[in-house]
Amino acid sequence: MSEQQVAVSPNSNNGQRWMQGLSHRLAAGGLFLVLLVLTVIAALISDAFLNPFNLVNVLRQIALYGIVSMGLTFVILTAGIDLSVGSIVAVVAVLTAMLLNMGLAVPLVLLVALACGAALGLVNGIGITLIKIPPFIMTLGTMVMLRGLALTISDGRPIDVASTVGNYAWIGRGSALGLPIAVWIFAGVAVIGFVVLSFTRFGRNVYAVGSNPEAAHLSGINVRRVLLGVYTISGLLAALTSVIFVSRLSVGEPTAGTGLELEAIAISVIGGTSLFGGQGGIVGTAIGAAILAVLANIMNLVGISPFTQQIVKGAIIIVAVSSEVLRRRR
């Protein structure tokens, strides 16, 4: 009996992996079809949608929200959550503005900003793995604390860097080959994220921890290290988003990133990343960012108020999670 099990098990596992891969490809194809339908609807509703200036704005919106969402995707794949990304954006924005006004070189400012975001993400990971604080509580606490920190060190006022931003502005305002630099950064992050999750041991471990942390631990995976890694990545990409915000707006705003965590969660969920962990990926998140950006643009073009848009986005999250719950029950 045991020999039969040994002989059959590899084929069964290969078949299971093939079916999972097929399922993910079909899901990504379905999301892309939704995006195409939304794009056609937007073009029919308003001629302004296909205006090159409007399309560039949509792409920039996809990039800004997509980068932080990819960081959150890593976290959600482990069945975790990071509510602090918006506050990390605020802290890094204020810090970046202060460093620019101090006259530091742009490369050094970028290095410090990204290191700060990664460190704050690591703090979340330490609280979750070492102190065993539930991810929701840990990141909720740091969300509140970091928002207060941003307001405290800035005295509650935006820090203007219009006179010192210099070449730093190129990151948020520059373009290459007809596309904003932010879009190229987004594409680079997406490619790296896809490679990490699809072709590295760390990526496989992320899915394993999200599927079953106990089984992952018993199979020799260092679950603590994986969790520290994903929260650090989330903080790093939140900081990268903040860098783009400051360079584009020439201001370090202590209220920057307010509500960004909800946008990122919505994008990840729309992109097929399961809040229960172990399912999803970067491609789906990228398409999810595009879907939400196009949907928001449609609502802006037809004059729907920002307050009503929040209702729509909240409903999308509920519907997406409900469909996942029903799928798991079946």
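Here are the numbers for this structure:
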| read-out | value |
| --- | --- |
| Dipole magnitude (debye, nearest 20) for the chain, charges at Cβ of Lys, Arg, Asp, Glu | 540 debye |
| Value of [θ]222 nm, deg cm²/dmol, for the chain, DSSP H segments ≥ 4, -39500 (n - 2.57) each, nearest 500 | -26000 deg cm²/dmol |
| Candidates 87, 305, 247, ranked by Gaussian network fluctuation over the chain, Cα under 10 Å, top entry | 305 |
| Efficiency of FRET from Cβ geometry, residue 176 and residue 301, R₀ 35 Å, rounded to 0.05 | 0.80 |
| Whole-number percent relative contact order across the stretch 64-290, with pairs defined as alpha carbons under 8 Å at least 6 apart | 45 percent |
| Inter-probe distance in nm under a simple model that places probes 7 Å from Cα toward Cβ, at residue 48 and residue 319 | 2.4 nm |
| Candidates 213, 52, 180, ranked by Gaussian network fluctuation over the chain, Cα under 10 Å, top entry | 52 |
| Over the stretch 165-284, equivalent-ellipsoid semi-axes from the Cα gyration tensor in Å | 32, 16, 13 |
| FRET efficiency, residue 163 to residue 119 (Cβ-Cβ, R0 35 Å, nearest 0.05) | 0.75 |
| Per-selection Kirkwood Rh - the stretch 281-330 (Cα, Å, 1 d.p.) | 12.2 Å |
| Overall form of the stretch 117-203 per C-alpha gyration tensor (a/c, 1.5; a/b vs b/c) | oblate |
| Residue among 162, 239, 79 with the largest mean-square fluctuation in a Gaussian network model of the chain, springs linking Cα atoms under 10 Å | 162 |
| Of the DSSP H helices in the chain, those whose Cα atoms cover at least 18 Å axially and whose Kyte score averages 1.0 or more | 52-77, 85-101, 106-129, 135-153, 181-199, 223-249, 282-301 |
| Options [x] 6, 25, 33, 24, 9, 3, 1, 0; [y] 5, 23, 28, 23, 13, 6, 2, 1, 0, 0; [z] 6, 29, 38, 22, 4, 1, 0 - which one matches P(r) over Cα pairs in 10 Å bins from 0, in percent as calculated here | [x] |
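Since every read-out is calculated from the coordinates, none of them should be taken as a lab result. Since we're looking at a predicted model, the values are computed, not measured. Quick reminder, even Gly has a Cβ in these numbers, built from the backbone with ideal geometry, and neighbours come from all protein chains shown.
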